[in-house]
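The values are calculated or read from the model by the stated rules, or taken from the named source; none is laboratory data. Since this is a predicted model, take the numbers as computed values, not measurements. All Cβ positions, even for glycine, are placed from backbone atoms using ideal geometry, and neighbour counts span all protein chains on display. Quick note on the areas: whole protein, heavy atoms, side chains included, nothing else; ligands and nucleic acids left out. Shrake-Rupley method; radii C 1.70, N 1.55, O 1.52, S 1.80 Å.
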Amino acid sequence: MKVIYDGENGRAFKEVLGETIQRLAEADPDVVYLDADLMGCINMAGWAGEHPDRAVNCGIAEANMIGIAAGMSAVGWKPIVHTFGCFASRRCYDQIFLSGGYAGNSVTVIGTDPGVCAAFNGGTHMPFEDMALYRAIPGAYVFDITDEAMLEGVLPQCVDLPGVKYLRVGRKSSPKVYEKGVRPEIGKGIVVTEKGQDAVIFACGLMVAKALEAAEILEREGIRIAVVDLFTVKPLDEELVAAYAERTGAAVTAENHNKIGGLYSAVSEVLGRRCPIPVEYVAVEDEFGEVGPQDYLEERFGLTAAHLAEKTREAVRKKTVKKQNR
């Protein structure tokens, strides 16, 4: 995977989502699109109006939408479902758990505006727990999308992947990290930069670009950091996590999610069994969201490159103390 990060933003995710879903539906007659009255939010309203046999607006009834999607999967369709991340997780959890996971149906669920990306929609619409919920569904896949190139590479793979798939992705633009045309391997992490011997940052979603920024800050201080993108939060790439933990001896996780049940939990579960080392985290503490612009919310919840750099320094300090006490 070629990394092209330079801090510049790519196209808005909502544009890429609309184009990718339309392309998938036009290429495969079994692909069908369902939405909960938010088609316009990802540029699907026009296409849906022209293809009423391939698109279903289920209205503000997310639980019913998941039930419909599961039923369509049971008779051979390949449903792609979209709504805001809070509604794609909390509001329809029983339906996706039972009609999707337990019943063995294949549904691709797209939850947009996860975490602080919900911005002015506020705490009620700010899912800090969506990955935790989907991680708890046996056999489910959970993805936190980094940039537009990754979205274009991962979503098409989900269509034919059996089971429940959950993609959390923003609607606004984000920094470009990968070259267009990439096809990330599901279930495998991506080594974004392997310079580091002092610590490793395991990041996902919007925190990958911030991890690269933090690595640049630390490099100027002589601290060498590896950055690994664990975009597949479930199933986690345990071998890669363990390998970089052993190589560096200190780790930090970074996610736009509650510290409970997301990437920090997933990585800690692996390291606790395989390679106990100092682990710090950058994540939302055990609290609810609030209203505000995204840059304010990133500062409010500590989801910044500066905060990540400080947490990494702390992990390196703990590693040093551990070595001295041997």
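Here are the numbers for this structure:
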{"read-out": "Failed item, numbered, when Leu212 is tested on (1) closer than 21 Å to Met126 by Cβ; (2) crowded, with 19+ Cβ neighbours inside 10 Å; (3) not β-branched (Val, Ile, Thr)", "value": "(1)"}
{"read-out": "Flag if Glu219 is under 24 Å from Met126 (Cα atoms), charged (D, E, K, R) and out of contact with any Phe, Trp or Tyr (no Cβ under 7 Å at 6 or more places or on another chain)", "value": "no"}
{"read-out": "Leading residue by the ranking (nearest to Gly18 (Cα to Cα)) among those in the range 56-77 that are touching an Asp or Glu at 6+ places or on another chain (Cβ under 8 Å) and in contact (Cβ under 8 Å) with a residue 24 or more places away in the chain", "value": "Val56"}
{"read-out": "Single match in Gly272, Gly292 (criterion: open to solvent by less than 10 Å² (accessible area, probe 1.4 Å) and not β-branched (Val, Ile, Thr))", "value": "Gly292"}
{"read-out": "Odd one out for Pro127, checked against (1) of a type outside the set (Asp, Glu); (2) in contact with a helix residue (DSSP H, G or I) (Cβ under 8 Å, 6 or more places away or on another chain); (3) assigned to a helix (DSSP H, G or I)", "value": "(3)"}
{"read-out": "Listing of helices (runs of 4 or more DSSP H) fully contained in the range 7-78 that carry 1 or more residues being open to solvent by less than 30 Å² (accessible area, probe 1.4 Å) and closer than 18 Å to Gly153 by Cβ", "value": "13-27"}
{"read-out": "Near pairs, Cβ below 6 angstrom, 6+ apart or cross-chain, from the range 149-167 (touching a residue at least 12 places away in the same chain (Cβ under 8 Å)) to any residue that is open to solvent by less than 20 Å² (accessible area, probe 1.4 Å) and of a type in the set (Lys, Arg)", "value": "Cys158/Lys165"}
{"read-out": "Total residues in the range 249-264, condition surrounded by fewer than 22 Cβ atoms within 10 Å (Cβ to Cβ) and out of contact with any Pro (no Cβ under 9 Å at 6 or more places or on another chain)", "value": "3"}
{"read-out": "Condition met for Tyr166 (among the hydroxyl-bearing types (Ser, Thr, Tyr), part of a helix (DSSP H, G or I), in contact with a helix residue (DSSP H, G or I) (Cβ under 8 Å, 6 or more places away or on another chain) and surrounded by 22 or more Cβ atoms within 10 Å (Cβ to Cβ))", "value": "no"}
{"read-out": "Hits in the range 177-194 - residues which are open to solvent by less than 30 Å² (accessible area, probe 1.4 Å), over 20 Å from Lys311 (Cβ atoms) and either without any contact (Cβ under 8 Å) to a residue 24 or more places away in the chain or not in a strand (DSSP E or B) (or both)", "value": "Val177, Val182, Pro184, Gly187"}
{"read-out": "Residue check for Glu314: among the charged types (D, E, K, R), part of a loop (DSSP other than H, G, I, E, B) and either surrounded by fewer than 23 Cβ atoms within 10 Å (Cβ to Cβ) or on the phi < 0 side of the Ramachandran plot (or both)", "value": "no"}
{"read-out": "Subset of the range 296-311 (residues that are farther than 26 Å from Ile223 by Cβ and open to solvent by 70 Å² or more (accessible area, probe 1.4 Å))", "value": "Tyr296, Arg300"}
{"read-out": "Of all residues in the range 80-119 being among the hydrophobic types (A, V, I, L, M, F, W, C) and in contact (Cβ under 8 Å) with a residue 60 or more places away in the chain, the one that is nearest to Ala283 (Cα to Cα)", "value": "Val116"}
